[in-house]
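Student: Please see the structure below; I have some questions.
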Amino acid sequence: MKTKKIPFPDRTGGEDGVEFVRNIYIVLTDTGTVLSKIIRRYTGSRLNHVSIAFDEQLEEMYSFGRIQRHNPFSGGFVRERPGEGLLEDAECAVFRFRVTEEELHRIQARIREIERERDRYSYNFLGLIGIMLNREIPRKRAYFCSQFIVETLLAAGVRVTDTPAWRAQARDFSESKQLEPLYEGPLAGWAAPQPVRLADHPRSLRRRLLRVPFRRAAG
């Protein structure tokens, strides 16, 4: 029996009968770490770290990454802030999508749960090897950044990509039609009190992000 593919809700502008009332932000960055450079060689993309944020100034932003700036093996759940740590001078791309109030509460509840038990979670280095081998390596309470974002959204019933969480990369967010491109450039430029936006031509912005090598938008 053939199965019919269910289309994504249009989270960039809403859908008839569904009221999307809150914005969530997906932020791609270049952290400049040795690991990010290794990933870049594999993916061909400069922006390989992915975070999720609940406010426009990105003051409440979460991911899985390096816990101690100078210790590459100290990975786990992190709350990030623009201008601090590995994001001090980062380049970025910012995307937006809309969720319902209920979906927002589910996403936040899942993140709060991980935050409370953060000592039980670790960075999924083996999972990155699995991507290169095109093979899932199951691990409990271990994520790499893009895997964490996709699984957290799926747990709340939100799907922004067809790529399985274990194989998700930053590029999948750049390609997602459910995410609205807002900005490309220095992270400090977006997180300023009045964010700078380069969203006049979101399609061209998306094309630039998918180019190799990455090139920052003029402006």
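Student: Between the range 125-162 and the range 165-179, how many Å separate their Cα centres?
Tutor: When both Cα centres are located, 11 Å separates them.
Student: Round to the nearest 0.05 the FRET efficiency obtained for Glu19 and Glu60 when R0 = 22 Å and r is the Cβ-Cβ distance.
Tutor: E between Glu19 and Glu60, to the nearest 0.05, is 0.45.
Student: Carbon and sulfur: what percent of the range 21-78's accessible surface (1.4 Å probe)?
Tutor: With neighbouring chains kept in place, the figure for the range 21-78 is 48 percent.
Student: Something else about it: Name the residues whose placed amide hydrogens come within less than 5 Å of the amide hydrogen of Arg96, ignoring near sequence neighbours (fewer than 5 apart) on the same chain.
Tutor: Ile26, Glu180, Leu182
Student: What is the ratio of the Cα radius of gyration of the range 89-130 to 2.2 N^0.38 Å, with N the residue count, to two decimals?
Tutor: Cα-based Rg divided by the globular estimate yields 1.62.
Student: Determine Rg/Rh for the range 32-96; Rg is computed over alpha-carbon atoms and Rh is the Kirkwood hydrodynamic estimate from the same atoms. It would help to have the intermediate numbers written out before the result.
Tutor: Working: Rg = 11.8 Å, Rh = 12.5 Å.
Rounded to two decimals, Rg/Rh equals 0.94.
Student: Looking at the range 133-183, I'd like the Rg to Rh ratio, where Rg is from alpha-carbon atoms and Rh is Kirkwood's inverse mean 1/r. Spell out each step's value before the answer.
Tutor: Values: Rg = 11.4 Å, Rh = 11.7 Å.
Radius of gyration over Kirkwood radius for the range 133-183 works out to 0.98.
Student: Here is a follow-up. Can you work out the base-10 log of I(q)/I(0) for the range 47-143 at q = 0.11, 0.16, 0.22, 0.24 1/Å, using the Debye formula on its C-alpha atoms alone?
Tutor: After summing over all Cα pairs, the log10 values are -0.38, -0.81, -1.33, -1.39.
Student: Moving on to the next point. Once R0 is set to 25 Å, what does the formula 1/(1 + (r/R0)^6) return for the Cβ-Cβ distance between Glu88 and Arg135, expressed as a FRET efficiency to the nearest 0.05?
Tutor: After rounding, the FRET efficiency stands at 0.10.
Student: Next up: Would you mind getting the Kirkwood hydrodynamic radius of the range 95-195 from its Cα pairs, rounded to one decimal in Å?
Tutor: Result for the range 95-195, one decimal place: 15.1 Å.
The values are calculated or read from the model by the stated rules, or taken from the named source; none is laboratory data. All of these numbers come straight from a predicted model, not from anything done at the bench. Ideal geometry is used to build each Cβ from the backbone, glycine not excepted, and the neighbour counts take in all protein chains shown. Protein only, heavy atoms only, side chains kept; ligands, DNA and RNA dropped before computing areas. Shrake-Rupley method; radii C 1.70, N 1.55, O 1.52, S 1.80 Å.
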